[in-house]
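To start, the structure under review is shown below, and the notes come after it.
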Amino acid sequence: MDHTTLDPQDWEAFRQTAYTMLDEALNTMMTAREGRVWTPMPAEMKEALNRELPSQGIGPEAVQEKISALLPYGVGNTHPRFFGWVHGAGSPGCLLAEIGAAAMNANLGGRDHGAIHVEKQVLEWCREMMGFPEGSSGLLVSGTSMATVIALKTARDQRLGVSCRAEGLGDPGLVGYASAQAHSCLQRAFDLLGLGSDALRPIPCDPSFQLDLGALKRQIHRDREQGLTPFLVIGTAGSVNLGAIDDLDALADIAVEEELWFHIDGAFGATAILADDPAINLNGLDRADSLAFDFHKWLHVNYDAGCILIRSAKLHLQAFSGRAEYLQAAGQGLAAGNPWPVDFGPELSRGFRALKVWAHLQEHGTDKLGAAIRQNCAQARYLGSRVAASPDFELLAPVLLNIVCFRFTAANPGELDELNQAIVIQLQESGTAAPSTTQLHGRLAIRVNLTNHRTETADLDLLLQEAWRLGRTLGETA
Ligand SMILES: Cc1ncc(COP(=O)(O)O)c(C=O)c1O
């Protein structure tokens, strides 16, 4: 009988194809500084993707060529002048781990195998890095959005009692609190968890863009008076607009007084703990009941890799454990190793993203990763001071961490929003740089986020020079 296998017929030829692919990947990373930042995919390439589901294969060599052809059309975040949103720059070392992970093809839902032990070690390092106590639990996930869902479900189930997992929520009246500058993934988690996004109360910020503690207390008391049940307060360590870090210590105190779960969204800011910089106040980070953060942002592990840490492994398990018969653990053999990762999150099958994190931390060490973070903060201060010194630009907010929000002002005041939007689009489309935009106090800002180990001072000079040139040119033609 004919045997069907997906393994190559000619392993030597496949090996050569794999070497070619590796070369292409290395060349892409080695030349990350060169050329355009963002290159939109040409229309004919988009059209070429639009093909019927293939019933006949074309073989690995032809596929390798197709993959290589895609390499120039990333978002641009490997380039030193990518400044948009909060994207990490990635690093070549992760290629090695990704190859290893693909070769092992491990499923990290559970069982007793090498990959599970690597993830456990990574989580142990995370616990140590963030100052969480021994016995805390965690999971590597796709990113902070998923980490948040896991944290908030644990908090919800703790408050409602574990029976809500089977019986549903009824009308829980649970409400939680986060700063008005907090990330939208929090509202999405409230929505996904059946609490309704309105149950997350946005608390105004004080002039330093931190959650206003007095306003928080007043809102908690108002909600209690109305018969609602406050259950959660969220601190932001590094807000997406400005990099503001809430007063985490004070929030931890309020959480204790008011008997609330204290979650921290530390997507990128929590990793600034490695910078070991007294000016970055993360005091209280280690007092959280749960902490979400990413490796793919300021630590430059290639996408995707995030982490959830939960102080009480017992509560974490209560929120997610429970397995079908075919997944029961054994005392020994391959099914040993209880509890399994599936007991700590919603996914059963999971890839080996822990490998690239484990490899990355060992390749670079936390000192160097911290130095790259310090470098970005110094660069943000430099850019901020250049903007502040220029008569044609205006700084729209203080530089708090690694983000600079500003705009070109030497034009008709009524048209500044449109003009600055146009500057950003032109910078992106010309391939020169890729900042993004945000709104601050109702004004459009050019937003420069520095989470990029490849950025040098000259890149910031070029950005400002081009933004100024475009401001002048576009302002005149408006
Ligand atoms: C403060 C903050 N929280 C949460 C997120 C969401 O993280 P992820 O994209 O890893 O899900 C981001 C993304 O930029 C963020 O900046």
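The values are calculated or read from the model by the stated rules, or taken from the named source; none is laboratory data. Since the model is a prediction, treat every value here as computed from it, not as a measurement. Neighbour counts are summed over all protein chains in view; Cβ atoms, including those assigned to glycine, are modelled from backbone coordinates with ideal geometry. Accessible surface areas use protein heavy atoms only, side chains included; no ligands, DNA or RNA. Shrake-Rupley method; radii C 1.70, N 1.55, O 1.52, S 1.80 Å.
Summary table
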| read-out | value |
| --- | --- |
| Exclusive hit being free of Cβ contacts under 8 Å to residues at least 24 places away in the same chain and within 24 Å of Q375 (Cβ to Cβ), set A433, A458 | A458 |
| Selection from region 263-284 of residues that are open to solvent by less than 30 Å² (accessible area, probe 1.4 Å), more than 16 Å from the ligand (Cβ to nearest atom) and not in a helix (DSSP H, G or I) | G284 |
| Residue within region 194-201 that is within 16 Å of the ligand (Cβ to nearest atom) and open to solvent by less than 60 Å² (accessible area, probe 1.4 Å) present | yes |
| Residues within region 338-351 that are of a type in the set (A, V, I, L, M) and crowded, with 16+ Cβ neighbours inside 10 Å, tallied | 1 |
| Output for region 148-187, where each listed residue is within 16 Å of the ligand (Cβ to nearest atom), aliphatic (A, V, I, L, M) and surrounded by 19 or more Cβ atoms within 10 Å (Cβ to Cβ) | V149, I150, A151, L152, A178, A182, L186 |
| Odd one out for G74, checked against (1) in the same structural domain as N402 (by TED's automatic domain parsing); (2) open to solvent by less than 30 Å² (accessible area, probe 1.4 Å); (3) over 27 Å from D367 (Cβ atoms) | (2) |
| Enumeration of residues in region 324-337 that are part of a loop (DSSP other than H, G, I, E, B) and either without any contact (Cβ under 8 Å) to a residue 40 or more places away in the chain or loosely packed, with under 12 Cβ neighbours inside 10 Å (or both) | A324, Q328, A330, G331, Q332, G333, L334 |
| Selection status of S208, surrounded by fewer than 17 Cβ atoms within 10 Å (Cβ to Cβ), within 16 Å of the ligand (Cβ to nearest atom) and assigned by TED's automatic domain parsing to the domain that holds I280 | no |
| Selection within region 298-323 - open to solvent by 10 Å² or more (accessible area, probe 1.4 Å) and under 30 Å from R374 (Cα atoms) | N302, Y303, D304, R311 |
| Subset of region 290-309 (residues that are in a strand (DSSP E or B), of a type in the set (G, A, S) and within 11 Å of the ligand (Cβ to nearest atom)) | A292, G306 |
| Selection count where residues are away from the ligand (no atom under 16 Å from the Cβ) and touching a Pro at 6+ places or on another chain (Cβ under 9 Å), scope region 222-247 | 4 |
| Out of E24, E44, E65, sole residue that is loosely packed, with under 12 Cβ neighbours inside 10 Å, without any contact (Cβ under 8 Å) to a residue 60 or more places away in the chain and not basic (K, R) | E44 |
| Number of the exception - S436 against (1) under 13 Å from G84 (Cβ atoms); (2) out of contact with any Ser or Thr (no Cβ under 6 Å at 6 or more places or on another chain); (3) crowded, with 24+ Cβ neighbours inside 10 Å | (3) |
| Test set (1) at pLDDT below 95; (2) not in a loop (DSSP other than H, G, I, E, B); (3) not small (G, A, S) - M129 fails condition number | (1) |
